[in-house]
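In what follows, a structure is listed as C-alpha cells, so that the remarks can point back to it.
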Amino acid sequence: MKIISIGDNVADTYVKQRVYFPGGNCVNVAVDAKRAGAETSAYLGILGDDDRAEHIEKALQQEKVELVNCRKAYAPTAQPRVILTDEGDRTFVAGPQNSALHLLALRLTQADFATIDQFDVVHAGIDSGIDEYLPELHQRVKVSFDFSISRDKDYFKKTLPQVDYAFFSGEEMSDSEVVEFAQKYLTLGPEVIVITRGAKPAFLLTSQESYYQEPQPIKVVDTMGAGDSFIAGFLVSYLNKNNLHEAAEAASKNAAATCQLSGGFGHQKSF
C-alpha cells in the first residue's frame, strides 16, 4: 500500500536529558508505516529553517520516507517540551509559540492533489491544519484521521463524514464508554473507528464487527509515538489484507516496538 501523511512535524524536546527527536503525528505515522511494510510512504508539510528541521528531514530520508512537495518557512520548528515519568509515560509542556507549525497553515494546490492521487490513503490529524481540504481528499483517496484526545462533538459532526479510518485516544474510557462512543460516531460515516487506551485494550469497530486488542506484554521505555505507531501498523495491514483482527494485532505489535525505544522513532540528537 501507498500512504502519504500531511501535516505536522516537531522536535520532541526532552528537557532533563537535553536531547530531541524528530516527531509529530504525521511524521511518526509516515516513518512507522514504512517500517511496517508500506510500499511507499511519503510526507508533505511545512519545514522550518533551523537545525531541528534539517535533522527531521535527514531522519525521514534515512527512514526511506519520501518528502513530497514540502514547503520551507523562515521560522523555527515546533519544540514541545517532554517530561518522562518513571514508568516511561510522557507529559508535554508547551514550547515556543513562534514556530512554523504555530504561525503557518498548509495550502494544498492542484499539483498537490495530483500527487496525492498516486496514493491509496492520506493520513492527517487535528494538528495538520487541512480540515478544509478533507471533502476533496475524501473524493480522491481513503482518509485516515487522528482526533487524538478531542471530544468536540461539533468538530466530529463536521469532520467524520470525510474520514474513512478515525482514530481516537481514550485512555480514560471504560469498556462500556468506548463501545458507546464508537457506535455513536460510526454512524457519521467512517468505515472504522479505533480507540486506543494506553495500557488497556484498544477498541475497534466497523459496521460488521467489533474487536478488543490487548496490548503486548513489554517493558516500556518511552510511550512517545505509540499511538502513531498503532495507526501506521493498522493502516498498512488493513489496506493490504482487509482483516480487522489481523490489522489490530499488527497495530499493537507496532506500538509495542515503539514503546521499547526513546522518542517517536529514534534519531536522538543532543542540544
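When the residues of the range 140-153 are filtered to those that are in a loop (DSSP other than H, G, I, E, B) and free of Cβ contacts under 8 Å to residues at least 60 places away in the same chain, the one that is most open to solvent (accessible area, probe 1.4 Å) is 149.
Anything in the range 220-234 that is within 11 Å of the chain's Cα centre (by Cα) and of a type in the set (A, V, I, L, M)? List them, or say none. If the condition is that a residue be within 11 Å of the chain's Cα centre (by Cα) and of a type in the set (A, V, I, L, M), then 226, 231, 232 are the ones that fit.
Pairs are defined by a Cβ separation below 8 Å, a sequence spacing of at least 6 or placement on different chains, a first member in the range 244-271 that is outside any helix (DSSP H, G or I), and a second member that is open to solvent by 80 Å² or more (accessible area, probe 1.4 Å) and among the basic types (Lys, Arg); the pairs so defined are 260/219; 265/35; 270/18; 271/18. Listed by first and then second residue, the pairs with beta-carbon distance under 6 Å, at least 6 apart or on different chains, first residue in the range 109-132 and loosely packed, with under 14 Cβ neighbours inside 10 Å, second assigned to a helix (DSSP H, G or I), are 117/140.
Would you confirm, using the coordinates I've provided, whether residue 239 is surrounded by fewer than 21 Cβ atoms within 10 Å (Cβ to Cβ), within 30 Å of residue 135 (Cα to Cα), in contact with a strand residue (DSSP E or B) (Cβ under 9 Å, 6 or more places away or on another chain) and aliphatic (A, V, I, L, M)?
Working: surrounded by fewer than 21 Cβ atoms within 10 Å (Cβ to Cβ): yes; within 30 Å of residue 135 (Cα to Cα): yes; in contact with a strand residue (DSSP E or B) (Cβ under 9 Å, 6 or more places away or on another chain): yes; aliphatic (A, V, I, L, M): yes.
Answer is yes for this residue.
Report whether or not residue 137 is at pLDDT 95 or above and open to solvent by 60 Å² or more (accessible area, probe 1.4 Å). No, not satisfied. Taking the numbered list (1) assigned to a strand (DSSP E or B); (2) aromatic (Phe, Trp, Tyr); (3) surrounded by fewer than 21 Cβ atoms within 10 Å (Cβ to Cβ) in turn, residue 43 passes all entries but (3). Candidates in the range 190-225 are the residues that are among the polar types (S, T, N, Q) and in contact with a Ser or Thr (Cβ under 9 Å, 6 or more places away or on another chain); of these, the one that is surrounded by the most Cβ atoms within 10 Å (Cβ to Cβ) is 196.
Being open to solvent by 50 Å² or more (accessible area, probe 1.4 Å) and either of a type in the set (S, T, N, Q) or within 12 Å of residue 224 (Cβ to Cβ) (or both) is the filter here, so list the residues in the range 242-260 that pass it. Steps first, answer last, please.
So the first thing to find is which residues in the range 242-260 are open to solvent by 50 Å² or more (accessible area, probe 1.4 Å), and the list is 242-243, 245-246, 249, 253, 257, 260.
Of everything in the range 242-260, those that are open to solvent by 50 Å² or more (accessible area, probe 1.4 Å) and either of a type in the set (S, T, N, Q) or within 12 Å of residue 224 (Cβ to Cβ) (or both) turn out to be 242, 243, 260.
Within the range 60-71, does at least one residue satisfy the condition of being part of a helix (DSSP H, G or I) and either without any contact (Cβ under 8 Å) to a residue 40 or more places away in the chain or at positive phi (or both)? Yes, the range 60-71 has at least one match.
The values are calculated or read from the model by the stated rules, or taken from the named source; none is laboratory data. Predicted model, so just to flag it, every value in this text is computed and none were measured. Here the Cβ is made from the backbone with ideal geometry for all residues, glycine too, and neighbour counts use every protein chain on show. When the accessible area is computed, the model is the full protein with side chains, heavy atoms only, and any ligands, DNA or RNA have been set aside. Shrake-Rupley method; radii C 1.70, N 1.55, O 1.52, S 1.80 Å.
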